[in-house]
Amino acid sequence: MYIPTHFEESRLQELHEFMRRHPFASLVVQALGRLEANHVPLFLDPGHGPFGRLRGHIARANSMWQDVEAGAEVLVIFHGPNSYVSPSYYPTKKVHGKVVPTWNYGVVHVRGKIAWLHDPQWLRVLVEDLTEQHEAERVEPWRVSDAPDEYVEKMIEGIVGLEISIDELRGKMKLSQNRTEVDRAGVRSGLRVQADASSIEIADLMSSKGNDGAS
């Protein structure tokens, strides 16, 4: 991934927080001589190794677990908010006109080695962890134990676990850090007028990161 210095995010805590906020990731693998991508929610375990590890599962009917050897390197892409930035948002447009459209976004790339897991107890813990993470803010959270045990066991038989030990983390937060503060303020205002959720999140990120993109 191409990352100009002013868009780079290398702080581990910030990268982990981004991954937690955007857990639905693209898992890119080399399978039978072809690049393939699957899209899966992943659970971050930060206490394993220097960068942490990821846990998730795919359907047993998905041949990826058979086509990709354990220990193979994989790429995981965590996609954050993104938004088109119109040149009209820059106040400097009226001064010199030297502005062009662009796109602001956040993304984290993870490289690591994959392992496949079939143990029912490991899979049960994973499903419980994922469920608790995503149900946490609900008034009445659903729990795996709410379903009949025999039904849960049958569902677990239909999945294969995956674990990725993280070897490399790279983050890119393109938030107009290369523009003046006047133009950045114009972009924030313009994005809020667009009013869609992704544009508002980008505007919030721009505000929280400060003038130079760093907290």
Task: Pair list, Cβ < 6 Å and 6+ apart or interchain, from region 9-38 residues that are touching a residue at least 40 places away in the same chain (Cβ under 8 Å) to residues that are exposed (fewer than 15 other Cβ atoms within 10 Å of the Cβ) and of a type in the set (Phe, Trp, Tyr) - done: none
Open item on the list: Could you list, ordered by first residue, the pairs with Cβ atoms under 6 Å in which the first is in region 96-110 and more than 19 Å from Leu205 (Cα to Cα) and modelled with pLDDT under 95 and the second is among the charged types (D, E, K, R) and not in a strand (DSSP E or B), at least 6 apart or interchain?
Closed with: Val99/Lys93
Open item on the list: So for region 138-151 (the condition being crowded, with 17+ Cβ neighbours inside 10 Å and within 22 Å of Pro46 (Cβ to Cβ)), does at least one residue qualify?
Closed with: no
Task: Subset of region 59-101 [outside any loop (DSSP other than H, G, I, E, B), over 21 Å from the mean Cα position of the chain (by Cα) and closer than 30 Å to Ser198 by Cα] - done: Val85, Pro87, Ser88, Tyr89, Pro91, Thr92, Lys93, Lys94
Task: Residue check, Phe43 of a type outside the set (S, T, N, Q) and surrounded by 12 or more Cβ atoms within 10 Å (Cβ to Cβ) - done: yes
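Quick one: how many residues across region 27-76 are among the small types (Gly, Ala, Ser) and under 19 Å from His134 (Cβ atoms)?
Within region 27-76, the subset among the small types (Gly, Ala, Ser) is 31, 33, 37, 47, 49, 52, 56, 59, 61, 63, 70-72.
Going one step further and asking which of them are under 19 Å from His134 (Cβ atoms), we end up with 52, 56, 59.
Looking only at that region, the number is 3.
Can you name the residue in region 189-214 that is out of contact with any His (no Cβ under 8 Å at 6 or more places or on another chain) and under 12 Å from Gln177 (Cα atoms) and is also modelled with the lowest pLDDT among such residues? Give the steps one after another, and end with the answer.
Restricting attention to region 189-214, the residues satisfying the condition of being out of contact with any His (no Cβ under 8 Å at 6 or more places or on another chain) are 189-211, 214.
If we keep only those that are under 12 Å from Gln177 (Cα atoms) too, we end up with 205-207, 209-211, 214.
Details: Leu205: 94, Met206: 94, Ser207: 91, Lys209: 70, Gly210: 57, Asn211: 46, Ala214: 38.
It comes out as Ala214.
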Open item on the list: I'm told Val160 meets every condition in (1) surrounded by 15 or more Cβ atoms within 10 Å (Cβ to Cβ); (2) part of a helix (DSSP H, G or I); (3) aliphatic (A, V, I, L, M) except one. Can you identify the failing condition by its number?
Closed with: (2)
TODO: Mind listing whichever residues of region 175-198 are buried (at least 21 other Cβ atoms within 10 Å of the Cβ) and either closer than 30 Å to Pro46 by Cβ or under 19 Å from the mean Cα position of the chain (by Cα) (or both)?
DONE: Leu175, Ser176
Task: Residues being over 25 Å from Ile58 (Cβ atoms) and of a type in the set (S, T, N, Q) - total across region 137-187 - done: 4
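Condition test on Arg53, is it basic (Lys, Arg), farther than 21 Å from Arg192 by Cα, surrounded by fewer than 15 Cβ atoms within 10 Å (Cβ to Cβ) and in contact with a strand residue (DSSP E or B) (Cβ under 8 Å, 6 or more places away or on another chain)? Step through it out loud before you land on a result.
Numbers: basic (Lys, Arg): yes; farther than 21 Å from Arg192 by Cα: yes; surrounded by fewer than 15 Cβ atoms within 10 Å (Cβ to Cβ): no; in contact with a strand residue (DSSP E or B) (Cβ under 8 Å, 6 or more places away or on another chain): yes.
In short, no.
If you go through region 9-58 one residue at a time, how many are in a strand (DSSP E or B) and either closer than 15 Å to Leu162 by Cβ or of a type outside the set (Asp, Glu) (or both)? Even if it seems obvious, please write down each step before you answer.
Restricting attention to region 9-58, the residues satisfying the condition of being in a strand (DSSP E or B) are 9, 24-31, 34-41, 43-45, 53-58.
When the remaining residues are screened for being either closer than 15 Å to Leu162 by Cβ or of a type outside the set (Asp, Glu) (or both), the result is 24-31, 34-41, 43-45, 53-58.
So the answer is 25.
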Open item on the list: I'd like to check something: does region 73-94 contain any residue that is more than 24 Å from Asp204 (Cβ to Cβ) and either free of Cβ contacts under 8 Å to residues at least 24 places away in the same chain or in contact with an Asp or Glu (Cβ under 7 Å, 6 or more places away or on another chain) (or both)?
Closed with: yes
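The values are calculated or read from the model by the stated rules, or taken from the named source; none is laboratory data. Model, not experiment: these values are computed from the prediction. Cβ coordinates were reconstructed from backbone atoms using ideal geometry, including for glycine residues, and neighbour counts include every protein chain displayed.
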